[in-house]
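Everything below concerns the one structure shown next.
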Amino acid sequence: MASGLWLKQFNSGRAPIGVRRRMGACAMEAMSQSPEAIMEKIRALMSGLKAPQHFDKVYKDECAFTFDTPYSVGGLAVNLRTWMGFGADMVDLDVRRNGSSGGLYLVQKFSRKEKEQPKGEDSVAPTIGLLLEDKWEVIKEHSLLVVDKSGGRTTVPLPCPDLPMMVQDVIDGMIKHQGARSMEESNRYEQDQELKESNYFKDLVQIPPNKKISPNPKDWKCAISGDTQNLWLNLSDGFIGGGRKFFDGSGGSNGAMDHFKEEQAKGNFYPLVVKLGTITPQGADVYSYAPDEDDMVKDPLLAKHLEHWGIDAMKMEKTDKTLAEMEVDFNLSYDFSRICESGEDLVRLRGPGLIGLKNLGNSCYLNSTVQLLMALPEARKRYADSDMKIRTSAPTEAPQDVVTQVAKIVSGLTGSRYGPPWKEGDDEDDPKLLVSPGMFRALIGRNHPEFSSGRQQDAAEFLQYFLEQLSRAERTALGSRLEAGGPFASLFEFAMEERLAEAGGQRVKYSSTRQNMLGLSIKIEDAENLAEVAAFRTAHPEQPEAKKPKTEGDAEEPKPIIPLKTSLERFAASEDGIHFRGMTVSKTSSMGTMPRYLLVQLQRYYVDEKWCPNKLDCKVPMPDKLSLEHLRGKGVQPGEKEFGEEAEAPAAAKEEPAGLQADEMVVVQLVSMDIAENAAKRAAVATQNSGAEAAIAWYFEHSGDPDVNDPLPIGGGGGGGGAEPAVDPEALMMLSSMGFSEPHVKAALKACGGSTERAADWLFSHADDLDGAVAALGGGGGGGGAAGGGTETPCEDGVGEYSLVGFISHIGRNTSSGHYVCHMKRGEDGGWVIFNDQKVAKSESPPLELGYLYLYRRDDAPR
């Protein structure tokens, strides 16, 4: 094959015009070089190349430092050595970070061309609408970018037969690789498959087939009602029936379930049905009507059972909604019109600070949380990274660095790169402008059993988890990669003062814990229109709570209206009957400090009598201005006498080494949750008195320990019969293999209650002076939020007068399903804006009474 064939084609004009156009200046430089010179440059940069294997991560979908993708104007350049992707203007940064020695990059440039859709009655269109891949044809172009040591660039169009075999193998491997994002999604999908295998699939009765089921959806209909949607095939006798009928008359004809019951009455047991239209080579929706299951199940022999009725699963395509998709549809219709302001002619917005986030599949909880926090002035000041200092100093594995990815999020949402003004007719799905937080989601959720999954999550729990992860990452970055200062999470933290008072006496005990969210109980008995709600439910006993009738003309159930004042009063009210030191005391809570930003969580969610999560569908009108000074704690008051230390302790105990003693307030909180006192003390000691939350987590992890309810050994210690708790040898070996000495590892594990993850975090955060940090522990004493050896920074304080900044609302029946949206005050006029994933619009009627999580800013806080 002639050397330099690709360059000769380019010079002669025989290369495709699209290839010549996209090569631009780099191509002009290539024209001035001989093919041999270019190949020599490539060979000089080949050292260390290897083709990626299926288990390697190739970041070919998203830039490590921006949200550029192959669809971006300059495409995405993937480093052949590190398999890391970079936007066109980030390649120079990558070269500098790698010692300015040059590099080879696979440049991917994708574009879309709208497909012609089939017309006519003979075309079978899916009932759930066109997917994006059905609407667009993707045109993919690849080239090799050569950056030499001097910074010169040369672009080689691909395929190129003259490339060295090693380079070609790496390029082929990268193009064929599924990509890091697809790997994450696959792992998430596998993790979420929690369906149990049916007890009946192995011995399922299948009568001799007297008919074959047509693979054509047009031929399917319910044998009872004639319905052609939501159809279920009984795998035992081939009966096709409609899905379940709901309480309000919606849903299917109930034919499939009625048939099961009729056959059961005859002595036939045909429990398994499959939803027609969901059958694909990957599986289908299978339901078991068996009384002991009555749920979605797995049928490992599904393909065989379908073949019995003439259905080849390998040839079937999806034409109907799965039950999961139907659940999403239900949740989106539940209060959607009010919370998402449906019916309003909303003005679309786009610009710096007005950029949405793509929903990656049940990621609206993450999107809403990020919108609520990351555009705050303090977040912009720390992470906007206009000079690229943060991202330039990122570690080699930038996708695995929290500080880098947060800087990427903040700069992407608050900059102009993805925010040209919205114009009428713009395509909101244009991939060039989509901010898709796949890398951020994978990193933040890593190693967390819930946030790494594809399931819907509680936005409040995720917000607290995210702040915790950010604080960990900032410990070593503040003062170096980031400007010196307190953790971002400290802006939300406040001291919660708790007071125990002796019944009928004057003795009291005060303690303080650090919190970042004010949870307020929402009770239906506090509704100001309770009589109206009760009267309606009495008149309509057949209608479950929080369900709206579908029949036109029927009366609609009034929503309970619960004043915020009553929930604040509940928070401050005295709780009686608390056991403390063998006596009964009362407990009251108040705010010891007023944070710069106050997160208020309306606890609308509860566990019903069947132990199922549910939601109280009510209105809680929230004010734009909130005054909380009346909730401020005042400490010990004149005439009050504080409880002394336990003078009643046996004398023998005083003669023993004191060790770490359980914090009484932590113990009280656990005992109030029906945890035995001895177990509560062990939990407090094991977690270094770091707070009730950590102690509760420890208790549930160790509730099966044989000695969990035994008295603590004299001298303290969470267990093990002595003051020195046993160290898990596997944890010791794992942490020692990271380069830490055995004494340091033992001290960290002891300080962190045996938690390997917390101990690793502690070791890394104190790596600069481990000897001093271990000495500061004092042999296991001390406390603090994260088992640190230092003193916690005092919480910020000011006058408790607040103004509303934004809020997150939830649509659905419980936090594990449904949809989240965020409303924020943005712009010079301070007007409300709704962030519904990637859709951003001016809010005409923000649902202030239906929110879940509210963010207030203290009025006297520095601007």
For this session: Quick one: count up the residues across the range 341-369 that are surrounded by 21 or more Cβ atoms within 10 Å (Cβ to Cβ) and modelled with pLDDT under 85.
Result: 1
Exercise. Within the set of pairs 6+ apart or on separate chains, which have a first residue in the range 815-843 that is over 17 Å from Asp426 (Cβ atoms) and in a loop (DSSP other than H, G, I, E, B), a second that is among the aromatic types (Phe, Trp, Tyr) and open to solvent by 20 Å² or more (accessible area, probe 1.4 Å), and C-beta atoms under 8 Å apart?
Worked result: Thr815/Tyr605; Gly818/Tyr334; Ser843/Trp832
Exercise. Within the range 231-245, is even one residue assigned to a loop (DSSP other than H, G, I, E, B), at pLDDT 90 or above and among the aliphatic types (A, V, I, L, M)?
Worked result: yes
Problem set entry | Of the criteria (1) open to solvent by 70 Å² or more (accessible area, probe 1.4 Å); (2) at pLDDT below 80; (3) more than 31 Å from the chain's Cα centre (by Cα), which one Pro743 fails | (2)
For this session: Any residue in the range 533-544 that's loosely packed, with under 12 Cβ neighbours inside 10 Å: show its pairings with residues that are modelled with pLDDT under 85 and of a type outside the set (D, E, K, R) at Cβ separation under 7 Å, as long as the two are six or more apart or on different chains.
Result: Pro544/Phe247
Exercise. Does Gly454 count as touching a residue at least 60 places away in the same chain (Cβ under 8 Å) and more than 30 Å from Gln603 (Cβ to Cβ)?
Worked result: no
Problem set entry | Given (1) open to solvent by 10 Å² or more (accessible area, probe 1.4 Å); (2) at positive phi, index of the condition Gly277 fails | (1)
For this session: Taking the residues in the range 51-102 that are on the phi > 0 side of the Ramachandran plot and among the small types (Gly, Ala, Ser) as candidates, determine which candidate is modelled with the highest pLDDT.
Result: Gly75
For this session: Mind telling me which of the residues Ser253, Ser288 ends up being crowded, with 18+ Cβ neighbours inside 10 Å and modelled with pLDDT under 90?
Result: Ser253
Problem set entry | Verdict on Gly778 being exposed (fewer than 15 other Cβ atoms within 10 Å of the Cβ), within 14 Å of Ala747 (Cα to Cα) and modelled with pLDDT of 65 or more | no
Exercise. In this structure, does Asp710 turn out to be modelled with pLDDT of 70 or more and among the charged types (D, E, K, R)?
Worked result: yes
Seminar exercise, completed: Among residues of the range 79-96 being touching a helix residue (DSSP H, G or I) at 6+ places or on another chain (Cβ under 7 Å) and closer than 18 Å to Lys149 by Cα, the residue surrounded by the fewest Cβ atoms within 10 Å (Cβ to Cβ) is Leu93
Problem set entry | Some residue of the range 469-480 being under 18 Å from Asn359 (Cα atoms), touching a Leu at 6+ places or on another chain (Cβ under 9 Å), open to solvent by less than 40 Å² (accessible area, probe 1.4 Å) and touching a residue at least 12 places away in the same chain (Cβ under 8 Å) | no
For this session: Among what's in the range 826-863 and is modelled with pLDDT under 95 and among the basic types (Lys, Arg), pick the residue that is least open to solvent (accessible area, probe 1.4 Å).
Result: Arg826
Problem set entry | Residue count for the range 393-437, restricted to those that are farther than 16 Å from Ser72 by Cβ, open to solvent by 10 Å² or more (accessible area, probe 1.4 Å), out of contact with any Gly (no Cβ under 8 Å at 6 or more places or on another chain) and not in a loop (DSSP other than H, G, I, E, B) | 2
For this session: Tell me, yes or no, whether the range 130-141 has at least one residue that is at pLDDT 95 or above, of a type in the set (Asp, Glu), closer than 21 Å to Gly179 by Cβ and in a strand (DSSP E or B).
Result: yes
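The values are calculated or read from the model by the stated rules, or taken from the named source; none is laboratory data. Keep in mind that this is a model prediction, so the values were computed, not measured. As a convention, Cβ positions derive from the backbone with ideal geometry for all residues, glycine included, and neighbour counts pool all protein chains shown. Note: accessible area is taken over every heavy atom of the protein model, side chains too, but ligands, DNA and RNA are not part of it. Shrake-Rupley method; radii C 1.70, N 1.55, O 1.52, S 1.80 Å.
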